[in-house]
There are 2 protein chains.
Amino acid sequence: MDEAIFEQRVSLITLAVGDMQRAAAFYEALGWCRVESPDGVIAFDLIGQTLGLYSRAALAEETGLPEEALRGSGGMTLAYNVREKEDVATLLARAVGAGARLLKPAQDVFWGGHHGYFEDPDGHIWEVAHNPFSPLGPDGAFRWNGYG
Amino acid sequence: MDEAIFEQRVSLITLAVGDMQRAAAFYEALGWCRVESPDGVIAFDLIGQTLGLYSRAALAEETGLPEEALRGSGGMTLAYNVREKEDVATLLARAVGAGARLLKPAQDVFWGGHHGYFEDPDGHIWEVAHNPFSPLGPDGAFRWNGYG
């Protein structure tokens, strides 16, 4: 396996929110501009990563965690996007080997990608994902509509 | 006030952890390399931002939140670093005006910087900081030991 499979970057920061429009209005009031995205997610491209707003109920379903666990500062996940589909399972296994708890094994997702989730030893939630529609930049940078 | 005071970026992602060495060992087992940092914080430079590990007790003291609130996925904060010291208070005021709750007003910090904290409408915790020792890159990127 490629030693550099887990490069030093975070592809997405996802904030779980109670009301998508209220949450978006808050960040827009601070000056941020969203990029176009499908219903159900609101995306702001940052430097080399995207910050997403996602409903708490949807994130609970997505991660299998109780909704209460995603309240307040708890409603935040980090995502690491890989270049090859098969890297999802490889990286999840590596994380488990390092002490992580597997929340969701590698699997195809309805939107056409492939992903899984683990929890680090302190309970922080990471998604590992392959998104064929958003290729990464040469340095691994992520943005909502991809590079190249 | 500069409309662009809150550019679209996150300077630091801080994970609250129970045991600094265990947490660092986990991310190092996945292949990450830390940069030199003072005792009490462990830092990994990412693309244009730093991921830091910080003890849960220290982060509770820093934010004024109960330690229980910083367990599991809850133990995560985002930081936005500004270019000028006075921008800290300006941005905090703007956040409060947009619906945020002020957790800690702008103040000097023992390490020589200036900062404050707010909570977004869903409880996500943001630090706004000016760090004179880590100047930002031209595009606003942050790394532990600064640019330029």
| query | Can you tell me which residues in segment B:116-138 are in contact with a His (Cβ under 7 Å, 6 or more places away or on another chain) and away from every other protein chain (no Cβ under 14 Å)? | reply | B:Ala129, B:His130
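Picking from B:Phe110, B:Phe118, which residue would you name as being open to solvent by 40 Å² or more (accessible area, probe 1.4 Å) and aromatic (Phe, Trp, Tyr)?
Working: B:Phe118 fails: open to solvent by 40 Å² or more (accessible area, probe 1.4 Å).
Of the residues listed, the single one that is open to solvent by 40 Å² or more (accessible area, probe 1.4 Å) and aromatic (Phe, Trp, Tyr) is B:Phe110.
From the set of residues in segment A:102-137 that are assigned to a strand (DSSP E or B) and modelled with pLDDT under 85, which is farthest from B:Gly31 (Cα to Cα)? Lay out the reasoning, then the answer.
The first filter runs over segment A:102-137 and keeps only residues assigned to a strand (DSSP E or B), leaving A:102-108, A:114-119, A:125-130.
Within this subset, residues satisfying the condition of being modelled with pLDDT under 85 are A:103, A:118-119, A:125-126.
Values: A:Leu103: 21, A:Phe118: 16, A:Glu119: 17, A:Ile125: 18, A:Trp126: 15 Å.
Applying the filter and picking the extreme gives A:Leu103.
The values are calculated or read from the model by the stated rules, or taken from the named source; none is laboratory data. Here the structure is a predicted model, which means the values were calculated and not measured. All Cβ positions, glycine included, derive from the backbone under ideal geometry; neighbour counts span all protein chains shown. Areas reflect the complete protein model, heavy atoms only, side chains present, ligands, DNA and RNA absent. Shrake-Rupley method; radii C 1.70, N 1.55, O 1.52, S 1.80 Å.
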